[in-house]
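Let me begin by presenting the structure, written as structure tokens, before commenting on it.
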Amino acid sequence: MTAADHDRNPTPHSDVETRSDVTVELVKSSASDADVLFAARVSTLGEHSLDELRKDPERSKGLINYLMRDRHGSPFEHNSMTFFVSAPIFVFREFMRHRVGWSYNEESGRYRELQPVFYTPDASRKLVQEGRPGKYVFVEGTPSQHATVRDVLSDSYQQAYAAYQKLLAEGVAREVARAVLPVGLFSSMYATCNARSLMHFLGLRTQHELAKVPSFPQREIEMVGEKMEAEWARLMPLTHAAFNANGRVAP
Ligand SMILES: Cc1cc2nc3c(=O)[nH]c(=O)nc-3n(C[C@H](O)[C@H](O)[C@H](O)COP(=O)(O)OP(=O)(O)OC[C@H]3O[C@@H](n4cnc5c(N)ncnc54)[C@H](O)[C@@H]3O)c2cc1C
């Protein structure tokens, strides 16, 4: 390597932080099983549907189950949940394919300097893919594979972040400098959905023994999905139970 090459290749950045988890926080919600019931009962009770809510809990459970089973989906849309999510960019790329019933706002790489936080899988992350697309399974990695992944990612992240800093230091705009950063970089967003759009997301982005139609999501987006599901189940337990009881297919 020549002196000129040295100048062009900055020394690895040492302040890089790595994470193996994701953050999901429910920051705002207006969501309950009652929201499903009053919306469904307006069909037969008109404006009195709200008064009927607490009269017969068993009937309410039955109605939610019936709506789920027969895929009468619109009553599940009269609610709202806003999540703060911090996860690697490759997760966001998959996430934002979910267009219907979702609203997103993500941190900007044009208006702020991106922070050196990157994803590294932990020892529980299955590393090796076997089989063919649509029919493959993931199996444990060896300790040596885990060590290599950790080392290679760490080197690559440090190099990339050092290159980013070098470009910024030379006065290059953030929107151009970010081109050197990899998809393992963490980003953050607010994502707002309703129970129906969340169920569609969970049906595709989680693996579950009760799923009638199995899906094979990438583990890291599933980690986000699992945390969202836990929050949603707390807010709408009857709806969540009916989702599971009917094969985790969104109505
Ligand atoms: C395991 C897995 C692997 C994947 N692999 C790939 C891949 O290799 N490459 C890739 O590009 N994507 C891939 N995807 C993304 C996938 O194709 C979908 O874009 C993503 O799952 C969002 O699903 P959706 O379109 O149903 O959701 P949404 O966009 O939220 O749409 C919800 C529903 O609305 C209806 N709808 C929405 N838009 C339209 C439309 N334009 N026309 C008609 N009906 C519409 C459909 O019924 C749809 O199911 C993968 C997804 C999964 C879960």
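The values are calculated or read from the model by the stated rules, or taken from the named source; none is laboratory data. In this text, all values refer to a predicted model and were calculated from it rather than measured experimentally. Methodologically, a virtual Cβ is constructed for each residue, glycine included, from the backbone with ideal geometry; neighbour enumeration extends over all protein chains shown.
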Problem set entry | Odd one out for Tyr157, checked against (1) under 29 Å from Val139 (Cα atoms); (2) touching a strand residue (DSSP E or B) at 6+ places or on another chain (Cβ under 6 Å); (3) of a type outside the set (A, V, I, L, M); (4) within 16 Å of the ligand (Cβ to nearest atom) | (4)
Seminar exercise, completed: All-but-one check, Tyr136 against (1) farther than 22 Å from Ser188 by Cβ; (2) among the hydroxyl-bearing types (Ser, Thr, Tyr); (3) buried (at least 17 other Cβ atoms within 10 Å of the Cβ), failing number (3)
For this session: Take the residues in the range 77-100 that are within 15 Å of Phe201 (Cβ to Cβ) and either assigned to a loop (DSSP other than H, G, I, E, B) or more than 20 Å from the chain's Cα centre (by Cα) (or both), then tell me which one is farthest from the ligand (Cβ to nearest atom).
Result: Asn79
For this session: List every residue pair whose Cβ atoms sit under 8 Å apart, with the two residues 6 or more apart in sequence or on different chains, where the first one lies in the range 84-100 and is within 16 Å of Met228 (Cβ to Cβ) and charged (D, E, K, R) and the second, anywhere, is near the ligand (Cβ under 10 Å from one of its atoms) and assigned to a strand (DSSP E or B).
Result: none
Exercise. What is the residue count in the range 16-35 for residues that are assigned to a helix (DSSP H, G or I) and at pLDDT 95 or above?
Worked result: 0
For this session: List the number of the failed condition for Ser103; all other conditions in (1) within 16 Å of the ligand (Cβ to nearest atom); (2) more than 19 Å from the chain's Cα centre (by Cα) hold.
Result: (2)
For this session: Answer yes or no: is there a residue in the range 196-217 that is among the polar types (S, T, N, Q) and crowded, with 19+ Cβ neighbours inside 10 Å.
Result: yes
